[in-house]
Amino acid sequence: MLFNSLPYILFLFVLCGLYYLSPRRFRWVLLLVASYAFYMCWNAFYIVLILASTAIDYSVALLLGRTESRTRRRFLLGASLLTNLGLLFVFKYWNFFNDAAADLCAALTIPWSVPNLTVLLPVGISFYTFQTLSYTIDVYRGRIEPERHLGRFALYVSFFPQLVAGPIERAERLLPQLRENHRVEAERFLSGGLLIMWGLFKKVVIADRLSVYVDAVYGNVPEHNGLTYLLATYAFAFQIYCDFSGYSDIAIGSARLLGIDLMTNFRSPYFARDLQDFWRRWHISLSTWLRDYLYIPLGGNRLGNLRTYANLAVTMLLGGLWHGASWNFVVWGALHGSALALLKATGPHRERFKEKLRIPPPIMVGAQLLATFHFVCLTWIFFRAATVTEALQVVAGIASDWGSPFIEALPLAHAAFGIVVMLCVEVSLAYGIRLPTRLRPVPIATNWIAFYALFFAIALFGAEAGRQFIYFQF
Amino acid sequence: MVRNFVLLIAFTGGLVLLDRAIGTALRAAYDRTVTGEAGGQINDALRHAGRDIIVFGSSLARHQVDPKVLEDHLGLAAFNAGCNGQDIYYARMLESLLLQRQCKSRHFVYVLNWRDLVQDDLERSRMFSVFADESPTIRQILAPSLSQQIKLQSHAYRFNTLAVSTVRQLLVPEHEGTDGFVGIPIEYEPVSTDFADMDHDLRGGLTSSERQVMLQKLKLYRDFSDSAQRQHISLTFVVSPTYRDGRTRGLGERQILNELSKVADETQANFLVLDETTVPAFRDVLCFGDPRHLNARGAALLSRLLAECLASGPDDVAKKQRDDE
């Protein structure tokens, strides 16, 4: 059941009705059943993995709460990490590392005959694994108390709006909300509904329209030239942003209808002034997860410059690998990691250089935005291309082989309309542009107008065939 | 509580009113377009519902059957309603609209594209949503599921993807001739890559999924034929030529054509093979614009043969073809 489908909207509508009509103490049951049903619509069997992850982390957290022994606590944490990451490794990374090992052994003429697994990648495994891991680590660190209610904990792991593609929620934020009794609030419904419509707009009017063009180019790289690669890369930059942030908006909006606030996952990332700023705005739930559970435990920036650069590189490399078992994602992560380390290393020099140049601030900000956006676009080539070789071919093409571009006029025209609308909204949000008070209509009318505008934009310009969200594959 | 309920009613009412207003405005604009593959061509075909002969099909019809040649040979008014990239979904829905509008045609001609029988892409024909209220056949085809039926309740949604092209066709109409025929003027210079995909075209026969699609589509062909017969309109299916450069038909293509000829037999439609196997002239590369489409010269020949067939009955033409060979 895709977020961008009518069955999901109907599912949400019916669930909201039942949720607010049912007795408060049983609401978690309804949400848990709905969450499992939502997941099982994709693959009923793989619910077993979620149940296993739930059972393990629930038990480990309870045991952690009962013991003070440092050794036992470490053992319990290790058991949770091993099981969760073990499942993730088997289902997501086994074949990748097995192939890499086979290639290495072949190069060294060492026999290697470990078979690959023929299993389907469970949807959302990377997301719920990280979510449960953060819970266990937080209990281990003493930041939160273990949840004693198995049902609520199971709901924390499987809460359907964010189960398959995040935001990766922290227990300290989500679990208390699952214990609360939520009342019907018109404002929540309106803002949640608006957010859902905004997410759908970004998904079906922009991302799905652009995907037609991007798929046509990246699906047949040798047939196109440099200018086409460049256009397709810009298109992909907006496609992936609108696809993923659209998903997040629908998730946050859906949860809001049920009285639950999920964390913001995107904050106008293409308005970032440098790469560090980009990662404060892009997939915030993952970047903060990596910061809190990987970068800081590795030493963060407390162990000297060299170690800081190494920690950044390792964190981003693993962040890249989190996205998928492919060398493309490794290169993507490595590029981001290296660039972050380089920016860190050259920070003071760049500041001095900027002062010497005395460029007016608006021009400097514009140049920084453009430079950051283009570096991110460069890395998207490795993210989108089927192989590293193809990505290099695209980069080489952009650098040298310009001719008449291949254009898909209709989908690009629809997407361009959507991008203009989105950028207007994001600029106004990012730079706090507000209508003068006397021009502002009453809030309810504003919301209604926005809702109607989004509804009809989706109806008229949205792509019809419901395409899957890109991040489902991670 | 009461206030919330009133607000909900007002909100829904506003949505419905706006939906109807947008739908009505777009329909008024849409009805004025007579060009463009995104819908204007349907209006153009409907305006020519009084023609004696109407030709259906994809680009194989649009570029290969010249109504003027038919008119010259038969003295009957003809119109080419073929549309690039379309298949039996388009033809069936257009036929239903034509028949509802007191179509006075005596002959329907359907130029077959055997590849369409193994490809299921209803999205390409989604522009018929505009006419959802006018034909049960259209609703049946476009909205087989409950969710599609709900979506089609929105009059604005019926113009999904059509709004931009409707405005464009109103402002800058494409020139498409007056009888629907668009000849391909260029001479064909074959290159080896033209045949690369042809060599893979169902050479090994049909897979089970392709067979499933074919069975669904054959039903539409049968319905198309039955509907025409019920209105006493004779129907002729035409197999047009392919430039094969010495290659033979693949097994899959033969199986599909065989099934289509059975449908024609069952529904008393004519099944006319006017391709390179029956007309030696179509083995000449000079007749082609590309391997799958005749150029204007080839189209004139095909149209003439088709006219002779319609004048004398398909058996006579087939006999004549054999005599020519």
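The values are calculated or read from the model by the stated rules, or taken from the named source; none is laboratory data. Computed from a predicted model, the values in this text were never measured in an experiment. Ideal geometry is used to build each Cβ from the backbone, glycine not excepted, and the neighbour counts take in all protein chains shown. Heavy atoms of the whole protein, side chains included, go into the accessibility calculation; ligands, DNA and RNA do not. Shrake-Rupley method; radii C 1.70, N 1.55, O 1.52, S 1.80 Å.
Couple of notes before you dig in:
- In region A:353-389, of all residues being surrounded by 13 or more Cβ atoms within 10 Å (Cβ to Cβ) and of a type in the set (Ser, Thr, Tyr), the one that is modelled with the lowest pLDDT corresponds to A:THR387.
- The one condition in (1) over 24 Å from the mean Cα position of the chain (by Cα); (2) part of a loop (DSSP other than H, G, I, E, B) that A:GLY65 fails to fulfil: (2)
- All positions within region A:231-267 that are open to solvent by 10 Å² or more (accessible area, probe 1.4 Å) and among the hydroxyl-bearing types (Ser, Thr, Tyr): A:TYR234, A:THR264
- Residue satisfying all of: in region A:12-44; of a type in the set (Val, Ile, Thr) and more than 14 Å from chain B (Cβ to nearest Cβ); farthest from the chain's Cα centre (by Cα) among these: A:VAL29
- Unique match (being at pLDDT 90 or above and open to solvent by 10 Å² or more (accessible area, probe 1.4 Å)) among B:GLU37, B:GLU71: B:GLU71
- Residue in region B:127-179 that is nearest to the other protein chains (Cβ to nearest Cβ), counting only those that are surrounded by 17 or more Cβ atoms within 10 Å (Cβ to Cβ) and of a type in the set (Asp, Glu): B:GLU176
- Taken over region A:285-313, the residue count meeting the criterion of being assigned to a helix (DSSP H, G or I), among the aliphatic types (A, V, I, L, M) and over 16 Å from A:LEU275 (Cβ atoms) is 3.
- Close pairs from region B:126-143: first farther than 22 Å from A:GLY462 by Cα, partner surrounded by 19 or more Cβ atoms within 10 Å (Cβ to Cβ) and not β-branched (Val, Ile, Thr), Cβ under 6 Å, at least 6 apart: B:SER135/B:SER96; B:SER135/B:LEU97; B:THR137/B:SER96
- All of A:ILE47, A:ILE9 fail the test of being within 27 Å of the chain's Cα centre (by Cα), farther than 23 Å from A:LEU200 by Cα and of a type in the set (A, V, I, L, M, F, W, C), apart from A:ILE47.
- So A:ARG267, is it at pLDDT below 95, outside any helix (DSSP H, G or I) and farther than 19 Å from A:PHE160 by Cα: yes
- Of the residues in region A:337-344, at least one is closer than 26 Å to A:ALA101 by Cβ and in contact (Cβ under 8 Å) with a residue 12 or more places away in the chain.
- Count of residues meeting criterion [open to solvent by less than 20 Å² (accessible area, probe 1.4 Å) and not in a helix (DSSP H, G or I)] in region B:42-68: 9
- Candidate set: region A:394-433, residues that are more than 27 Å from the chain's Cα centre (by Cα) and either assigned to a helix (DSSP H, G or I) or under 20 Å from A:ASP249 (Cα atoms) (or both); chosen: the one nearest to the other protein chains (Cβ to nearest Cβ): A:LEU410
- Here the strands (runs of 3 or more DSSP E) wholly within region B:215-315 that include at least 1 residues being under 25 Å from B:LEU99 (Cα atoms) are B:234-239, B:270-273.
- Close pairs from region B:219-237: first under 9 Å from B:THR267 (Cβ atoms) and touching a residue at least 60 places away in the same chain (Cβ under 8 Å), partner polar (S, T, N, Q) and open to solvent by less than 60 Å² (accessible area, probe 1.4 Å), Cβ under 6 Å, at least 6 apart: B:LEU235/B:SER225
- Residue list for region A:239-267, filter: within 30 Å of A:HIS182 (Cα to Cα) and either among the polar types (S, T, N, Q) or outside the structural domain of A:ALA341 (by TED's automatic domain parsing) (or both): A:SER245, A:SER248, A:SER254, A:THR264, A:ASN265
- Test: B:ASP19 is assigned to a helix (DSSP H, G or I), within 14 Å of chain A (Cβ to nearest Cβ), among the charged types (D, E, K, R) and crowded, with 17+ Cβ neighbours inside 10 Å: yes
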